[in-house]
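Below is one structure, written out as C-alpha cells; the observations come after it.
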C-alpha cells in the first residue's frame with residue numbers, strides 16, 4: 001500500500017507525515033510521530049484513552065483516519081502543559097492522586113479540559129456524563145470527578 | 001485501501017458504482033472504523049464525503065430543517081432552533097455514544113448502519129423525515145422509514161448514499177419525545193425504545209400522532225395503530241391503554257442477552273406511554 005503525504009497542525013506546530021490510508025490518527029501519533037501520550041485502550045472508541053481535540057472537538061483518535069486530518073488542527077495531551085508549567089487539571093490530578101495506573105489519564109485530562117472550556121462550572125453529574133466515554137479501571141472515578149471540580153474552581157477564580 | 005475525497009456528489013456516486021471491490025462511505029466513521037479495526041470488513045475503497053457542499057450544514061428550508069449527512073450529534077445538540085422544533089429527535093441523536101462519539105457520529109450514519117436499536121431513527125420516523133439520496137443516476141428523496149431493511153442492511157443501491165436528511169415544518173401545538181430503556185444510565189444500546197410525535201388542536205385534543213418503536217423488530221417500526229389510538233383524545237386512560245396494546249402488538253423482538261421478548265415488548269409499551277405524555281406536555285397540552 002502506498003503512503004500518502006499529510007500536512008496538519010498538531011499542538012500549534014505544522015506537521016507533515018506519511019501514512020497509509022487505513023491508519024488511524026492514534027497510530028500515526030504514537031508510531032510515526034512518537035507522541036505516545038495518547039493511549040490505545042480498546043481501539044474501537046469505547047474507552048476514551050486516545051482522546052484528542054480535532055478542529056476544536058473532542059474525538060477518539062482511534063476513530064479518525066490519519067488522512068482525514070489533512071489541513072486540520074489537532075491538539076493532544078502533549079500540548080496541554082505550557083512548557084514546564086502543568087495545566088491546572090494536570091497539577092490537581094497529581095496533587096489529589098486522581099490516578100493509579102495512569103493509562104486513562106491523558107484521555108481524561110483532554111476530555112475534562114474540553115468540558116471546562118464549554119462549561120466552566122459543571123455539576124458533578126455533568127462531569128460524570130461528559131466523561132462517560134473515558135473508562136478508568138482503577139480509581140472508581142470519585143477522585144477524578146473531585147479533581148476536575150477542584151481544577152474547575154481554581155480556573156474560575158484565576 | 002484507497003482513500004478518495006471526490007470533487008462532487010456525482011463523482012462520488014460514479015466512483016462507488018464502478019468499484020469492483022468493497023467500498024465504504026466515511027462520514028463520522030464511528031461504525032466504519034470499528035469494523036476496520038475488528039477486521040469485519042477490509043474495504044478496497046473509502047470515500048470521504050464530509051467536504052462536499054451542505055454536508056456539514058444545518059439549513060432552514062420550507063419551515064423545517066435540512067441536516068447535512070455529515071453533521072455531528074454535538075452540532076445538532078448545539079442548534080437551538082432545531083432542538084426547539086424537534087426536541088425528541090435531538091435527544092435521540094444525543095443519546096448516541098460518548099462525548100467523543102458525539103463529535104463525529106451522524107444521523108445519516110445511524111440510519112444507514114441499519115441497527116434496529118439506532119437511537120436517532122424512531123424520532124426521525126415519527127417526524128416524517130426524508131433522506132435525500134444521491135446515486136449514479138441522480139438524486140431521489142426517500143422517506144427515512146424505507147431506508148433500513150434489516151439488521152446491518154439498508155435499501156440503498158450500489159453507488160447510492162445519503163447527502164442530507166430533511167425534517168419537515170411542524171404546526172403550532174406540536175412536539176415529540178424519545179425514550180429508551182438501558183440497564184445503565186449512559187453509553188449503552190437500547191433494549192427497547194419509543195418515539196412519539198403529536199400535534200394538538202387549540203383545546204388540547206390530539207389531531208395527529210405518530211409512534212415508532214426501536215429494538216423490538218428487525219428494523220425500527222412505525223406503529224400506525226398506536227398513533228391512531230391517540231387521535232381525538234387528550235391522552236385519557238382509554239387512549240393510552242389502546243396505545244400500549246397497539247405498540248405491544250407491533251413488537252416482534254428477539255430474545256438475547258440484553259432482553260427477552262417479553263421484557264422488550266412490555267418496556268416498549270411503557271416507553272411509548274411515557275413518551276406520549278412528554279410530547280403532549282411539550283406540545284402545550286394540559287395533562
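Computed quantities for the displayed model
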quantity	calculated
Globularity index of segment B:192-240, i.e. its alpha-carbon radius of gyration over 2.2 N^0.38 Å	1.20
Extended-chain gain in nm, criterion 0.36 nm per residue less alpha-carbon gap, residue B:157 and residue B:224	21.4 nm
Label point distance in nm, residue A:57-residue B:238, each placed 7 Å from Cα along Cα→Cβ	5.0
Nearest-0.05 FRET efficiency for residue A:126 and residue B:189, computed from C-beta distance (R0 30 Å)	0.85
Inter-part distance where segment A:7-73 and segment B:218-280 are each reduced to a Cα centre, Å	43
Angle in degrees between helix B:237-250 and the longest Cα principal axis of chain B, rounded to the nearest 10	30
Estimated D of the protein assembly as shown in µm² per second, where Rh is the Kirkwood radius over Cα pairs and Stokes-Einstein applies at 10 °C, 1.306 mPa s	69
Fewest-first sequence of A:17, B:161 by Cβ atoms within 10 Å of each Cβ	A:17, B:161
Backbone N under 19 Å from the residue B:201 label point (7 Å along Cα→Cβ), restricted to segment B:171-185	B:171-175
For chain A, convex hull of alpha carbons as volume per residue, Å³	106
Rg to Rh quotient for segment B:1-94, alpha carbon positions, Kirkwood Rh	1.05
Paramagnetic reach from residue B:81 in segment B:47-61 [backbone N under 16 Å; point 7 Å along Cα→Cβ]	B:57-61
Percent breakdown of C-alpha pair distances by 5 Å bin, ordered from the shortest bin, for segment B:198-273	3, 18, 26, 21, 14, 9, 5, 2, 1, 0
Stretchable slack from residue A:86 to residue A:157, in nm (0.36 nm times residue separation minus alpha-carbon distance)	23.8 nm
Alpha-carbon Debye profile of chain B, log10 I(q)/I(0) at 0.11, 0.14, 0.15 Å⁻¹	-0.62, -0.97, -1.10
Area projected by the alpha carbon convex hull of segment B:55-195, averaged over all directions, nm²	8.3
Cβ-Cβ FRET estimate between residue A:137 and residue B:281, R0 fixed at 35 Å, reported to 0.05	0.30
Relative contact order %, chain B, counting alpha carbon pairs below 8 Å whose residues are six or more apart	16
Average partner coverage of A:33-43, which counts Cβ from other chains inside 10 Å	1
Degrees between helix A:105-118 axis and first principal axis of chain A (Cα, 0 to 90, nearest 10)	70
Segment B:28-76-segment B:88-113 distance, computed between alpha-carbon centres (Å)	10
Cα-based helix-to-principal-axis angle, B:9-18 vs chain B, degrees rounded to 10	70
Simple spin-label estimate for residue A:9 and residue B:51 in nanometres, 7 Å along Cα-Cβ	1.7
Other protein chain Cβ atoms within 10 Å, averaged over every residue that makes up B:31-44	3
Unit Cα scatterers, Debye sum, segment B:107-182: log10 I(q)/I(0) for q = 0.17 Å⁻¹	-0.66
Alpha-carbon Rg with Dmax, taken over segment A:62-107, Å	13.8, 39
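Where a number appears in this text, it was derived from the coordinates with a stated rule and is not lab data. Nothing here was measured: the structure is a model prediction, and the numbers come from that model. Positions of Cβ are generated from backbone atoms using ideal geometry, with glycine treated the same way; all protein chains shown enter the neighbour counts.
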